[in-house]
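Notes to accompany the following structure.
The values are calculated or read from the model by the stated rules, or taken from the named source; none is laboratory data. Here the structure is a predicted model, which is why all the values come from computation and not from measurement. Every residue, glycine among them, receives a Cβ derived from its backbone with ideal geometry; neighbour counts consider all protein chains shown.
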Amino acid sequence: MPEAAEDLRTLNTPDKIAEAGEKLYEERHKASLEPDHEGEFVAIDVVTGEAYVGEFPEEAIQRAKGAAPHSVLHLIRIGAPGAFKVSYAARHHDWWNRPLRQVG
């Protein structure tokens, strides 16, 4: 069985995928991406370790899926502790229902 398939069998929960993605980001991509891409998004294929950067989350994911349609991805906002910030207080503002990016 190919090595990648062996790795894929261990990535059987969202937590394991996230852990693998965070580790790959720290070890392989953080130093090269943060200086020039802070605030953008990176989709990391946790099987191959490849990183796909986009200004918006959808763009990073589309690039990853275009290059590797069967990839297993972990999304990170470059230079931030998480991809998205959600809080209870935010639900009480008018902007809660706005899209992540303006369409059209």
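For (1) of a type outside the set (F, W, Y); (2) in contact with a Gly (Cβ under 9 Å, 6 or more places away or on another chain), each residue gets a yes or a no:
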position: P14; (1), (2): yes, no
position: E22; (1), (2): yes, no
position: E26; (1), (2): yes, no
position: A31; (1), (2): yes, no
position: P35; (1), (2): yes, no
position: T48; (1), (2): yes, no
position: V53; (1), (2): yes, no
position: F56; (1), (2): no, no
position: A60; (1), (2): yes, yes
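Tell me which residues, restricted to the stretch 23-53, are out of contact with any His (no Cβ under 7 Å at 6 or more places or on another chain), within 21 Å of T13 (Cβ to Cβ) and part of a loop (DSSP other than H, G, I, E, B). Within the stretch 23-53, V47, T48, G49 meet the criteria. Residues in the stretch 39-72 that are more than 16 Å from Y25 (Cβ to Cβ) and of a type in the set (D, E) were compared, and the one that is surrounded by the most Cβ atoms within 10 Å (Cβ to Cβ) is E59. For the stretch 59-77, enumerate the residues that are without any contact (Cβ under 8 Å) to a residue 12 or more places away in the chain and charged (D, E, K, R). Scanning the stretch 59-77 gives a single hit, K65. Checked across the stretch 82-89, the condition of being modelled with pLDDT of 90 or more, loosely packed, with under 10 Cβ neighbours inside 10 Å and part of a loop (DSSP other than H, G, I, E, B) holds for no residue. Screening the stretch 10-37 for residues that are more than 13 Å from the chain's Cα centre (by Cα) and within 15 Å of T48 (Cβ to Cβ) and picking the one that is modelled with the lowest pLDDT gives T10. One residue stands out in the stretch 10-22 among those that are part of a helix (DSSP H, G or I) and hydrophobic (A, V, I, L, M, F, W, C): the one that is surrounded by the fewest Cβ atoms within 10 Å (Cβ to Cβ), namely A18.
Per-residue answers, yes or no, for (1) touching a strand residue (DSSP E or B) at 6+ places or on another chain (Cβ under 7 Å); (2) modelled with pLDDT under 80:
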residue	(1), (2)
A51	yes, no
E58	no, no
P69	no, no
L73	yes, no
G79	no, no
R91	no, yes
D94	no, yes
